[in-house]
Amino acid sequence: MSTEPEPTGAPDEHDPASHGREPLEGVDAADLHAAVDELAAALHAYVETAVGVRAEFGAREADEDPRVLALEQRVGGLNASLYDLLHSRLGLHADLTGMTWDDRDDTTTEPGERDTFHLGFVVELPGGVTDLTLDAVLDVVDDGGAQITQTLVDRGFVVGEWGAGRGAPVLLEDDDEDDE
């Protein structure tokens, strides 16, 4: 008697229809459009709130305003829901959260050129009684930053500086501006 698992015919453990090798026909996109509409409404609410908060406070205070942070968390959650829906319905692994400011091609970069990279997390405490704190998350992120830095150095990159922060991206100094 064989102990090998029976082949399922699917390329992986996902739903064979959405993740299969055959074209997917007859997809009703209504719920996909509804998810996009909900995300768009949240983005519009974010802009309106951010404009109002910025009219009351300076930039740093506005970045940390609970109304802004709550809407950022909502947008992140809705974006994750859209990803999950696209994944489950269409089998796509959509990269909808990446940011690109220009059309640079990495093959045209010269030695010594540099750029900044950011990685963000939206973390919440679990429901119920817990001894976990959100302050403890920064320790985990900091440890991860140290591991990523070491991996980059091991692969031959030069990492001039890095940082971990809570609530807003860490702003790294640009040494070129100091030389002027």
How high is the FRET efficiency between ALA70 and GLU110 when r is their beta carbon distance and R₀ equals 35 Å, given to the nearest 0.05? 0.25
Can you tell me the order of 116-122, 84-90 when each peptide is scored by its average per-residue count of other Cβ atoms within 10 angstrom, highest first? 84-90, 116-122
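Coordinate-derived values only; no laboratory data. Note that the coordinates shown come from a computational prediction; the quantities given were computed from them, not determined experimentally. A quick note on method: Cβ atoms are made from the backbone with ideal geometry, for glycine too, and the neighbour counts reach across all protein chains shown.
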